[in-house]
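To keep things clear, I will list the structure first and then write my remarks on it.
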Amino acid sequence: MLSLDKHLAGRNGERKGRLLRGHKHGEKLFLQNVWWPIFGNFDHLHPEYEILDWNRKSIFLDFAFLSPYGRFGIECDGFQTHVKDMDREKFSYSLGRGTFLTGLGWKMIHFSFDDFRDRPEVCRMLLQMVIGPYLLRKESTTPAVMMEKELLLFACNLGRPIRPKDVCDEWKIDFRTARKHLVSLTEKGWLQPISKGQTTRYYEIKGGILEKLL
């Protein structure tokens with residue numbers, strides 16, 4: 001599991017106390033059931049990460065994923081503390097807090113304790129959906145590789161099988177070039193061709209593609 005020693009060594013006062021008190025069973029279960037099976041490491045992941053709100057009051061995110069391609073805040077929400085025991089003032093602050101973090105450029109991800117305990121595969125799928133597109137946009141060494149990544153991102157967001165015509169319209173390229181890119185991604189095992197008769201008309205993202213890219 002995530003070693004807290006390094007994080008504890010760099011903190012003092014309430015920031016250190018919050019880490020000691022806040023990193024409990026739920027957070028550890030999230031790491032075990034959701035995070036580790038996808039990433040296999042805890043690089044760039046910071047538990048109980050402190051941010052100051054608009055009143056200079058401390059906000060602590062359960063986890064902050066400070067990656068080279070974006071800042072992600074991950075919250076592990078229990079029903080009792082985040083819903084059942086919440087009054088109107090806390091509810092309003094919770095909404096303002098989320099909007100404030102979005103304004104600062106954070107991509108916020110929320111999971112319920114019940115889900116990462118009982119349905120971790122759903123949480124893993126959702127986490128990949130949020131983070132995967134940013135991984136695809138990481139700096140590439142060649143324009144050709146960047147084109148492939150952008151094409152996969154486009155296919156992920158399209159919501160249906162992709163056609164060469166979709167690529168033509170998006171990148172203003174000819175049909176032959178568009179099909180060449182789709183065939184290349186198919187040969188690499190990232191797309192699955194869908195044929196009608198003897199002609200391939202569509203291509204769809206193969207299952208688990210985001211997991212392979214992580």
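The values are calculated or read from the model by the stated rules, or taken from the named source; none is laboratory data. What you see is a predicted model; the values in this text were computed from it and never measured. Ligands, DNA and RNA are excluded from the accessible area calculation, which covers all protein heavy atoms including side chains. Shrake-Rupley method; radii C 1.70, N 1.55, O 1.52, S 1.80 Å.
Brief remarks follow.
- For the set PHE91, PHE63, solvent exposure ranked by accessible area (probe 1.4 Å, protein chains only) runs largest to smallest as PHE91, PHE63.
- Cα gyration tensor, region 39-127 - rounded (a/c under 1.5), prolate or oblate: oblate
- The order of THR99, THR199 by accessible area, most exposed first and with a 1.4 Å probe, is THR99, THR199.
- For VAL183, the accessible surface of its heavy atoms amounts to roughly 50 Å² (probe 1.4 Å, protein chains only, rounded to the nearest 10).
- Flagged links, alpha-carbon separation over 21 Å, of LYS57/LYS90; LYS149/LYS180; LYS149/LYS206: none
- Close amide-amide hydrogen proximity is noted between LYS107 and ARG71, PHE72, GLY73, each under 5 Å apart and 5 or more residues distant or on a separate chain (H modeled in the peptide plane; Pro and chain starts excluded).
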